[in-house]
Amino acid sequence: MQINPSLLHLYAVTDRHWLHGRTLESQVREVLAGGTTILQLREKCVSDEDFLAEARVIKAVCDEFGVPLIINDNLSVAKALGVGLHVGQSDTACAEARRVLGEGAILGVSCQTVDQAIAAEKAGADYLGVGAVFPTTTKDDADAVPLETLSTICAAVRIPVVAIGGITLQNVPKLVNTGIAGVAVVSALFAAEDPRGAAEEFAKIQYEGR
């Protein structure tokens with residue numbers, strides 16, 4: 001499907017490492033109230049059954065705010081809920097995910113190079129997640145992507161691009177005019193003492209130049 005780039009302006013990616021006694025549902029509610037435009041549920045250490053149960057709860061919150069839910073790298077959960085999916089280079093192939101989910105589902109792909117980006121677009125991706133644009137502790141295996149490469153990828157594809165990796169309120173101005181549609185943020189939202197306030201600050205930033 002053709003996705004409106006504005007939908008990707010503030011892309012929140014969950015991480016339960018930062019709950020600190022709070023529930024994931026409550027944190028999601030806070031970042032959505034702060035202006036998050038799309039939310040990815042990322043769980044790497046739970047069973048499919050538990051993932052699906054949690055995803056149903058989070059989807060209900062997303063539906064309340066009118067925000068799309070994306071499932072990270074679990075095709076069966078995304079299919080069961082009728083929501084979008086995001087895959088990496090070593091996850092389910094983009095073309096296979098598109099075949100299973102159909103044309104109406106939002107499908108994103110992680111990329112680090114221009115060749116990967118072009119291939120993902122041809123395989124049916126609706127948007128790209130490019131990074132890590134800054135050093136990050138969220139993904140130990142994340143390769144660095146220079147801002148010059150990010151800009152080149154944005155210019156090489158027709159689908160919108162989201163920058164991800166180590167993005168904070170302090171360094172996000174460096175991404176202005178790279179061509180991105182928005183930013184994907186993990187710890188700067190979910191580790192914040194005030195997730196809603198952090199989301200509100202990120203939501204104010206404009207990314208001109210695409």
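Derivation of every value follows stated rules applied to the coordinates shown; laboratory data play no part. Bear in mind the structure is a predicted one, so any value in this text is a computation, not a measurement. Counting neighbours? That spans all protein chains shown, and the Cβs are built from the backbone with ideal geometry, glycine included.
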- Task: For each of 61, 77, 185, count neighbouring Cβ atoms within 10 Å of the residue's Cβ, then give the residues from fewest to most.
- Result: 61, 77, 185
- Taking neighbour counts of Cβ atoms within 10 Å as a proxy for exposure, in what order, fewest first, do 54, 148 appear? 148, 54
- For 127, 207, ascending order of other Cβ atoms within 10 Å (fewest first) is 207, 127
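For the stretch 110-210, give the magnitude of the charge dipole about the Cα centre (Cβ charges: +1 Lys/Arg, -1 Asp/Glu; no others), in debye to the nearest 20.
Dipole magnitude for the stretch 110-210 comes out near 260 debye.
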- Task: Let me know the shape class of the stretch 5-203, please: from the alpha-carbon gyration tensor, a ≥ b ≥ c as square roots of the eigenvalues, rounded when a/c is under 1.5, otherwise prolate if a/b is greater than b/c, or oblate.
- Result: oblate
- Query: With each label point set 7 Å from Cα along the Cα-Cβ vector, what nm distance links residue 57 and residue 22?
  - Reply: 1.5
- Starting from the Cα-Cα distance between residue 144 and residue 208, subtract it from 0.36 nm times their residue separation and give me the gain in nm to one decimal. 20.7 nm
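Let me have the 222 nm mean residue ellipticity of the chain computed from DSSP H runs of 4+ only, each contributing -39500 (n - 2.57), with the sum over all residues rounded to the nearest 500.
Estimated from H runs of four or more residues: -10500 deg cm²/dmol.
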- Projecting the Cα atoms of 114, 164, 61 onto the charge dipole of the stretch 5-203, where Lys and Arg contribute +1 and Asp and Glu -1 at Cβ, the residue farthest towards the positive end is 114
- Item | Under-5 Å amide H pairs with residue 43, H placed in peptide plane, nonlocal only | 72
